[in-house]
Amino acid sequence: MRTRTSILRAWLAAAVTAAVTAVTLTAVAAPAQAEGIPSVGRNWSAPGPYTPEVSIGAVHTLYYPQNMGARGEKHPVVIWGNGTGVLPGAYTLLLRHYASHGFIVVAANTPASNFAITMRSGIDLIENLNADPVSVFHGKVDLDRVGSAGHSQGGSGAINAAVDPRVDTVVAIQPGPLNDVDLIDEPVLFLAGQFDAIVWPILVKGMYNDADHVPAEYAELRGATHFGTGISGGDMRAPSTAWLRYWLMDDATARAEFFGPNCGFCSDSRQFSDFKRNGLAGQIPG
């Protein structure tokens, strides 16, 4: 595991043994904004500062910012898993949205992403493109910052993809049940829909409860159904973007939405019908 995740592991071990110090917590949870990545304030659901591009390949579809690296920045990676029976086009506005915030999204072109085989191979793809002198991605990818995200079956795939040591965080949107949260050691955001009749909130909450060995949060979107996530990301767009911006871009404003005694999302009953943080997430300063 790379240095960032190794530090997180060490911090988690200390937390379990009740030996975490305030200095350690601050060092882990309060990094500076990633160099060259513009702030967006709290406008998580609004388009970011980059214009998105799309490249459709045989195995993966890539969503990425135009003019990558124009400010000298390198761009974090999000590998994406689709719901059952659909391809990345079903989430095109959501994935373009992530690209507008500076992420390179490598979406698996598979309608069956649960076991994350194609998702994980997306990391290999972007590593090769970053090393290719003739690629538009050459030297512009932050390979030390990789997140896995997905919806429904792909949300389960996002959890399964995190057994890969290159993955640093997970966004599981209304995830299916075929995964083992106990196998991962990355921070996880679980997103559920209040009126989801396909993946009931209680099932997602059960996964959250199992994730007591990593910083984990559970956000239940008020009024959300299972299929409202398609195309635009619906109500899932804002919290998923904020989570990725903190863990992959060190966005301090995004951190304050999830962590600290007065975190922005914690008391937002208008947006969330339920919001929970486990003990390890609760120890991260806002």
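With the condition kept exactly as written, say whether any residue in the stretch 174-186 is closer than 26 Å to residue 55 by Cα and without any contact (Cβ under 8 Å) to a residue 24 or more places away in the chain. Break it down into steps so the answer makes sense when it comes.
First, pick out the residues of the stretch 174-186 that are closer than 26 Å to residue 55 by Cα: none.
Within the stretch 174-186, none of the residues are closer than 26 Å to residue 55 by Cα and without any contact (Cβ under 8 Å) to a residue 24 or more places away in the chain.
Provide a single number: the residues in the stretch 109-154 that are in contact (Cβ under 8 Å) with a residue 24 or more places away in the chain and either touching a His at 6+ places or on another chain (Cβ under 8 Å) or not β-branched (Val, Ile, Thr) (or both). Reasoning before the result, please.
Residues of the stretch 109-154 in contact (Cβ under 8 Å) with a residue 24 or more places away in the chain: 109-116, 118-123, 125-126, 136-137, 139-154.
With the extra rule that they be either touching a His at 6+ places or on another chain (Cβ under 8 Å) or not β-branched (Val, Ile, Thr) (or both), the set shrinks to 109, 111-116, 118-122, 125, 137, 139-145, 147-154.
Residues in the stretch 109-154 being in contact (Cβ under 8 Å) with a residue 24 or more places away in the chain and either touching a His at 6+ places or on another chain (Cβ under 8 Å) or not β-branched (Val, Ile, Thr) (or both): 29 in total.
Taking residue 58 and the conditions (1) open to solvent by less than 10 Å² (accessible area, probe 1.4 Å); (2) closer than 15 Å to residue 125 by Cβ, which numbered condition does it fall short on, given that it satisfies the others?
(1)
For every residue, the table says whether it meets (1) in contact with a strand residue (DSSP E or B) (Cβ under 8 Å, 6 or more places away or on another chain); (2) touching a residue at least 12 places away in the same chain (Cβ under 8 Å); (3) among the polar types (S, T, N, Q); (4) under 20 Å from residue 169 (Cβ atoms).
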position: 40; (1), (2), (3), (4): no, yes, no, yes
position: 43; (1), (2), (3), (4): no, no, yes, no
position: 46; (1), (2), (3), (4): no, no, no, no
position: 52; (1), (2), (3), (4): yes, yes, no, no
position: 66; (1), (2), (3), (4): yes, yes, yes, no
position: 70; (1), (2), (3), (4): no, no, no, no
position: 77; (1), (2), (3), (4): yes, yes, no, yes
position: 81; (1), (2), (3), (4): yes, yes, no, yes
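Is it true that residue 73 is part of a strand (DSSP E or B), at pLDDT 95 or above and not hydroxyl-bearing (Ser, Thr, Tyr)?
Values: part of a strand (DSSP E or B): no; at pLDDT 95 or above: yes; not hydroxyl-bearing (Ser, Thr, Tyr): yes.
Considered against the rule, which asks whether it is part of a strand (DSSP E or B), at pLDDT 95 or above and not hydroxyl-bearing (Ser, Thr, Tyr), residue 73 comes out as no.
Would you be able to tell me the number of residues in the stretch 80-139 that are open to solvent by less than 10 Å² (accessible area, probe 1.4 Å), hydroxyl-bearing (Ser, Thr, Tyr) and either in contact with a helix residue (DSSP H, G or I) (Cβ under 6 Å, 6 or more places away or on another chain) or part of a loop (DSSP other than H, G, I, E, B) (or both)?
Of the residues in the stretch 80-139, 1 are open to solvent by less than 10 Å² (accessible area, probe 1.4 Å), hydroxyl-bearing (Ser, Thr, Tyr) and either in contact with a helix residue (DSSP H, G or I) (Cβ under 6 Å, 6 or more places away or on another chain) or part of a loop (DSSP other than H, G, I, E, B) (or both).
Go over the candidates 158, 162, 149 one by one and state the one that is touching a Ser or Thr at 6+ places or on another chain (Cβ under 6 Å) and either aromatic (Phe, Trp, Tyr) or under 13 Å from residue 106 (Cα atoms) (or both). Reasoning before the result, please.
On the way: 162 fails: either aromatic (Phe, Trp, Tyr) or under 13 Å from residue 106 (Cα atoms) (or both); 149 fails: touching a Ser or Thr at 6+ places or on another chain (Cβ under 6 Å).
From the options 158, 162, 149, the qualifying one is 158.
Which one is surrounded by the most Cβ atoms within 10 Å (Cβ to Cβ), of the residues in the stretch 68-79 that are within 14 Å of the chain's Cα centre (by Cα) and hydrophobic (A, V, I, L, M, F, W, C)?
If we take residues in the stretch 68-79 being within 14 Å of the chain's Cα centre (by Cα) and hydrophobic (A, V, I, L, M, F, W, C), then 79 is surrounded by the most Cβ atoms within 10 Å (Cβ to Cβ).
Which is at pLDDT 95 or above and open to solvent by 10 Å² or more (accessible area, probe 1.4 Å), of 260, 279, 234, 286? Steps first, answer last, please.
Numbers: 260 fails: open to solvent by 10 Å² or more (accessible area, probe 1.4 Å); 234 fails: at pLDDT 95 or above; 286 fails: at pLDDT 95 or above.
None of the others qualify; the one that does is 279.
Here is a list: 58, 46, 10. Which entry is modelled with pLDDT under 95 and out of contact with any Phe, Trp or Tyr (no Cβ under 9 Å at 6 or more places or on another chain)? Working first, answer last.
On the way: 58 fails: modelled with pLDDT under 95; 46 fails: modelled with pLDDT under 95.
The conditions single out 10.
The values are calculated or read from the model by the stated rules, or taken from the named source; none is laboratory data. All figures in this text were calculated on a predicted structure; none of them were measured in a lab. Please note: Cβ atoms are built from the backbone with ideal geometry, for glycine as well, and neighbour counts cover all protein chains shown. Calculation scope for accessible area: heavy atoms of the full protein, side chains included, ligands and nucleic acids excluded. Shrake-Rupley method; radii C 1.70, N 1.55, O 1.52, S 1.80 Å.
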